[in-house]
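**Q** Can you keep this structure in mind? I'll have questions shortly.
What follows draws every value from the coordinates through simple rules; no lab data is involved. Note that the coordinates shown come from a computational prediction; the quantities given were computed from them, not determined experimentally. In this analysis, Cβ positions are derived from the backbone assuming ideal geometry, glycine residues included, and neighbour counts consider all displayed protein chains.
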């Protein structure tokens with residue numbers, strides 16, 4: 001859990017911007033809720049390596065250097081993360097790590113970097129096979145751990161295999177070498193019209209990948225609250241995204257201007273039950289359908305079952321579910337709405353949802 005600069009600031013990140021967002025993580029209570037890692041995405045590095053072949057921060061953007069910035073982040077009680085790419089150039093055509101894996105891992109460790117995101121873009125030698133690329137990601141992970149055994153390794157090997165026969169093998173290989181790996185395309189936070197198709201598309205991409213997820217290794221659906229609220233997303237959109245990410249146990253990395261988040265968005269991000277479901281140590285592996293209503297289930301950390309109902313249709317739909325279908329053995333139960341806080345006694349569950357709408361409940365038998 002933490003923060004990433006990309007969707008809000010893109011390559012406009014600076015030392016002052018990053019420090020401001022880190023301070024806001026603390027003052028807003030997000031850090032206390034668990035959002036404790038501040039990650040710089042693409043755009044932090046100088047346009048070329050230094051004469052010794054070392055990566056360096058853009059001196060105009062980061063005049064005190066990346067190591068100094070890491071110290072300031074750590075002084076706030078937070079962790080610090082950086083971005084690079086597996087090829088010769090990043091997605092923004094800046095220097096990346098091809099043929100420098102051990103050197104860059106040593107540099108990151110010396111700077112006090114706690115989290116490293118390795119993208120899959122930019123400057124791969126022609127003819128690089130998926131098998132060879134897989135080995136490069138494994139090698140880079142080994143280098144990172146050799147210089148910092150506690151580093152969190154995030155990578156994107158599966159991204160360019162989406163829709164191909166090699167996708168599942170890429171996810172499996174990632175699960176053996178990384179802590180988290182992207183399993184869906186980048187989000188489009190520029191307009192609200194993309195919110196529900198993107199969120200539900202990411203859900204569909206991840207549903208059958210639960211065998212690869214577990215403590216210490218997670219399928220990554222991308223960042224939360226992308227550019228909220230400037231994107232035009234509503235609170236309902238944000239709650240839907242957080243509900244899906246929680247059921248899928250996806251890492252929660254905020255990518256917005258924390259200072260612009262309204263109180264209701266901060267409350268959603270800090271919702272303790274939502275966070276507990278996300279951080280429970282298990283990705284949803286049980287799904288049942290009633291017409292257009294999909295019900296996703298996994299054990300709730302407070303006992304009972306966490307259930308996310310999703311309308312996958314194009315119009316309003318209703319689903320009726322027996323408690324036994326939802327993993328509840330008793331004849332009566334209580335259903336707690338994670339977002340409204342309301343609790344209802346029931347002997348079965350009937351839900352009516354608009355197209356794309358979701359409902360996240362904690363259901364516990366009596």
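**Q** State, in angstrom, two size descriptors of the chain derived from its alpha carbons: Rg to one decimal place and Dmax to the nearest whole number.
**A** Reported Rg and Dmax, both Å: 21.0, 72.
**Q** Taking the Cβ of each residue in 143, 121 as the centre, tally the other Cβ atoms inside 10 Å and list the residues starting with the fewest.
**A** Ordered by Cβ neighbours within 10 Å, fewest first: 121, 143.
**Q** Okay, next question. Using a Förster distance of 25 Å, how high is the FRET efficiency between residue 75 and residue 270, based on the Cβ-Cβ distance and rounded to 0.05?
**A** 0.65
**Q** Add -39500 (n - 2.57) for each DSSP H run of 4 or more in the chain, then divide by its residues: what number comes out at 222 nm, to the nearest 500 deg cm²/dmol? Don't skip to the end; give the middle numbers.
**A** Values: 11 runs with 111 residues, N = 366.
Value at 222 nm, helices only, nearest 500: -9000 deg cm²/dmol.
**Q** How big is region 36-187 by Rg and Dmax over its Cα atoms, in Å?
**A** 15.0, 46
**Q** Okay, moving on. I'd like the FRET efficiency for residue 126 and residue 147, computed as 1/(1 + (r/R0)^6) with the beta carbon distance as r and R0 of 25 Å, rounded to 0.05. Kindly include the intermediate steps, with their values, before the conclusion.
**A** Details: r = 30 Å, r/R0 = 1.21.
Efficiency, rounded to the nearest 0.05: 0.25.
**Q** Pick from 72, 325, 279: which residue has the top mean-square fluctuation in a GNM of the chain where Cα pairs under 10 Å get a spring?
**A** 325
**Q** What is the distance in Å between the Cα centres of region 1-69 and region 284-313?
**A** Centre-to-centre distance over Cα atoms comes out at 37 Å.
**Q** Moving on. Once each part is reduced to its C-alpha centroid, what is the distance from region 348-366 to region 139-203 in angstrom?
**A** Centre-to-centre (Cα) distance: 29 Å.
**Q** At a 10 Å Cβ-Cβ cut-off, how would you order 93, 280, fewest neighbours first?
**A** On the way: 93 13, 280 17.
Least crowded to most crowded, the residues run 93, 280.
**Q** Still on this structure: Tell me the label-point distance for the pair residue 89, residue 169, using the 7 Å Cα-to-Cβ offset, in nm and rounded to one decimal.
**A** About 2.9 nm separates the two model spin labels.
**Q** If you take the beta carbon distance between residue 302 and residue 47 as r and set R0 to 45 Å, what does 1/(1 + (r/R0)^6) give as a FRET efficiency, to the nearest 0.05? Intermediate values should be presented prior to the final figure.
**A** Working: r = 51 Å, r/R0 = 1.13.
E between residue 302 and residue 47, to the nearest 0.05, is 0.35.
**Q** For a quick check, take a GNM of the chain with Cα springs below 10 Å and name the residue from 175, 105, 204 with the largest mean-square fluctuation.
**A** 204
**Q** Okay, moving on. Percent relative contact order of the chain, based on C-alpha pairs within less than 8 angstrom and at least six residues apart? Kindly include the intermediate steps, with their values, before the conclusion.
**A** Details: 763 pairs, mean separation 43.1, N = 366.
After rounding, I find 12 percent.
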